[in-house]
Amino acid sequence: MEKINAVITGIGGYVPEYVLNNDELSRMVDTNDEWIMTRIGIKERRILNEEGLGTSYMARKAVKQLLEKTGTGPQEIDCVIVATTTPDYHFPSTSSIVIGRLGMKNAFAIDMQAACCGFLFAMDAAAGMIQSGRYKKIVVCGADKMSSIVDYTDRATCPIFGDGAAAALVEPSIEEGIGWQDSYLRTDGKGLPFLCMKAGGSVCSPSYFTIDHRMHYLHQEGRTVFKFAVTNMSDACAKIAERNNLTKDNIAWVVPHQANVRIIEAVANRLELPMDKVMLNIQRYGNTSAGTLPLALWDYEKQLKKGDNIILCAFGAGFTWGAAYMKWGYDAK
């Protein structure tokens, strides 16, 4: 029996129209462009500010573009996985809303919560499903409306995050030399005190106290998160490269989570790669959590060539982290 490979066959994306740049942000909170660019590397971020619109809206836009680009009918899709930390509701799932709005009558829905690692983990799950032979077309979407949980009075965190979504179509192929090759995914559970939302879940349900004490916003201890992110993302990339005989000479691209330009540079240095082999769009979108990896692929799609060796890596709340190796499946048209 021929081996089934799981291959990305298309990418769609969406970012909101409203641009929140550093100059405007500096009028909202005590910060400035130089401070943000030096420490984080973000110039602007997109914000979904229309009332009544949530993560599913951006995911739907990205998936619709993906279907149109690949000439795929909604009823051809077997499964939709949406990786998100900012679902429209606790329930139903954001993926079920996407399916309902786009008329995907033959698909089932999964939401995956792995913070900034969401798309990476979801892609690995989708690849396994495709390789099993039971599924033919799976949509994997990373989408987050981070502005909905950011405290715009907190100068340490509000410059970091933005909103956006992108989606990949994953299909089977028996062609050698393309598709999802390997992954190294980890969670250690040590990150709770350092990166979390303190209220709104079953441990601490909403109350006047939690609202008054601003406990429904993202909490981050930046120095600790930075240290763990640099170490774990770099180690994961190095491990994936080593066990697949990947070097600076045969790696075409690294796709890192877009959290901080200094973290991204540390990953490139560990692999001895020049920055022109690293996908970088943090300066325009900020950290869109689960959206960062697919948005990078969406931005760089026209530069990708069939057979390109690509390493993806991410780090997020939990702590979760990992890296994966794929060989790109098509030349962009």
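Odds and ends about this structure:
- Here's how it looks for Val82: its modeled amide H is under 5 Å from those of Ser95, Ile110, Asp111, Met112, Cys141, which are all 5 or more places away or on a different chain.
- In plain terms, the C-alpha convex hull of the range 87-201 casts an average shadow of 9.5 nm² when viewed from every direction.
- The HN-Hα couplings worked out from phi for the range 237-249 by the Karplus form 6.51 cos²θ - 1.76 cosθ + 1.60 (θ = phi - 60°) are 4, 5, 5, 4, 5, 5, 7, 10, 6, 9, 10, 4, 7 Hz, whole numbers, x standing for Gly and Pro.
- Rel. contact order, % - alpha carbon contacts under 8 angstrom, at least six apart, the chain: 25 percent
- Proximity of backbone amide H atoms, modeled 1.01 Å from N, is registered between Val150 and Leu218 at under 5 Å, excluding neighbours fewer than 5 places apart on the same chain.
- Each label was represented as a point 7 Å from its Cα along the Cα-to-Cβ direction; for Asp188 and Glu76 these points are 4.4 nm apart.
- Members of Lys43/Lys302; Lys305/Lys327; Lys69/Lys137 lying beyond 18 Å, as alpha-carbon distances in this model show: Lys43/Lys302
- Within the range 1-111, the proportion of C-alpha pairs whose separation exceeds 23 Å stands at 46%.
- Cut-off under 5 Å, modelled amide H: who pairs with Phe319 long-range: Asp188, Gly189, Lys190, Gly191, Leu192
- MRE, 222 nm, helices only [DSSP H, n ≥ 4, -39500 (n - 2.57), over the chain, to nearest 500]: -9000 deg cm²/dmol
- Accessible surface for Arg186 stands near 100 Å², nearest 10, in the context of the full protein assembly shown (1.4 Å probe).
- The range 1-119, relative contact order [Cα under 8 Å, separation at least 6], %: 24 percent
- Ignoring lysines fewer than eight residues from Lys190 along the same chain, the ones with Cα atoms less than 29 angstrom from its Cα are Lys145, Lys198, Lys227, Lys239.
- Accessible area, probe 1.4 Å, largest first, for residues Ile110, Ile311: Ile110, Ile311
- Against the rule of thumb 2.2 N^0.38 Å, how large the Cα Rg of the range 140-292 comes out: 1.22
- Shape summary of the range 223-307, radius of gyration then Dmax from alpha carbon positions: 12.7, 39 Å.
- Net charge, Asn232 excluded, C-beta distance under 14 Å - Lys, Arg +1, Asp, Glu -1: +3
- Sequentially through the range 54-65, phi angles give Karplus couplings (6.51, -1.76, 1.60; θ = phi - 60°) of x, 4, 4, 4, 5, 4, 4, 4, 5, 5, 4, 4 Hz, Gly and Pro residues having no value and appearing as x.
The values are calculated or read from the model by the stated rules, or taken from the named source; none is laboratory data. Quick caveat: nothing in here was measured; it's all calculated off a predicted structure. When we count neighbours, we look across all protein chains shown, and the Cβ atoms used for this are built from the backbone with ideal geometry, even at glycine. Each accessible area value is taken on the protein alone, full model and side chains, heavy atoms only, with ligands, DNA and RNA left out. Shrake-Rupley method; radii C 1.70, N 1.55, O 1.52, S 1.80 Å.
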